[in-house]
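The values are calculated or read from the model by the stated rules, or taken from the named source; none is laboratory data. Predicted model, so just to flag it, every value in this text is computed and none were measured. Backbone-built Cβ (ideal geometry, glycine too); neighbour counts: all protein chains shown.
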């Protein structure tokens, strides 16, 4: 975030310097408000570019075996351009390398989900999926596993068959 601030300030200063140099070359024929307006426009464009580029940069730099399962787009009234094209502010990735199964329960698996947020820390959460029945459960204290790999004391939640996180977790091997 600090580097984005520095980049935004540099973009504004560069635009102001460019317009100032053009105005000086033209012997002061440009209006005096154009230098700060150019600086402000450049800073706004740098910020917008950074917001829209965050998802592509972050997802491209994920470790091998991580798959983006679901991206959440946002709109905001204080960002009117997001009504034309919403930007991805957070997403869920499935760590397909972390899959843990029991030989007796091949349709049930524990997979690490990684939650990325534009202005928040990354969170890694283990999640239990029942691929045969389309259910998921949080892996938390109190969950026990039987000798045959059966999950005990889990709070199962049904999810839609086309849930992208369930699909990504169940396709992992």
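Any chance you could count how many residues in segment 124-143 are under 14 Å from residue 105 (Cβ atoms) and modelled with pLDDT under 90?
As a first pass, look at segment 124-143 and keep what is under 14 Å from residue 105 (Cβ atoms): 128-133, 135, 137, 143.
Those still in the list that are modelled with pLDDT under 90 too: 143.
Adding up the residues that qualify gives 1.
If we only count strands (runs of 3 or more DSSP E) wholly inside segment 82-170, which ones have 1 or more residues that are closer than 18 Å to residue 69 by Cβ and in contact with a helix residue (DSSP H, G or I) (Cβ under 6 Å, 6 or more places away or on another chain)? Outline the logic, then answer.
Numbers: elements: 87-102, 105-117, 120-130, 135-138.
Because the criterion is at least 1 residues that are closer than 18 Å to residue 69 by Cβ and in contact with a helix residue (DSSP H, G or I) (Cβ under 6 Å, 6 or more places away or on another chain), the strands (runs of 3 or more DSSP E) in segment 82-170 that meet it are 87-102, 105-117, 120-130.
Please identify the pairs in which a residue from segment 118-142 that is on the phi > 0 side of the Ramachandran plot has its Cβ atom under 7 Å from the Cβ atom of a residue that is assigned to a strand (DSSP E or B), counting only partners at least 6 apart or on another chain.
134/158
Count, please, the residues in segment 23-49 that happen to be assigned to a helix (DSSP H, G or I) and either within 30 Å of residue 89 (Cβ to Cβ) or touching a helix residue (DSSP H, G or I) at 6+ places or on another chain (Cβ under 9 Å) (or both). Steps first, answer last, please.
Of all residues in segment 23-49, those assigned to a helix (DSSP H, G or I) come to 23-25, 34-49.
Okay, now just the ones that are also either within 30 Å of residue 89 (Cβ to Cβ) or touching a helix residue (DSSP H, G or I) at 6+ places or on another chain (Cβ under 9 Å) (or both), so 23, 34-49.
Qualifying residue count for the region: 17.
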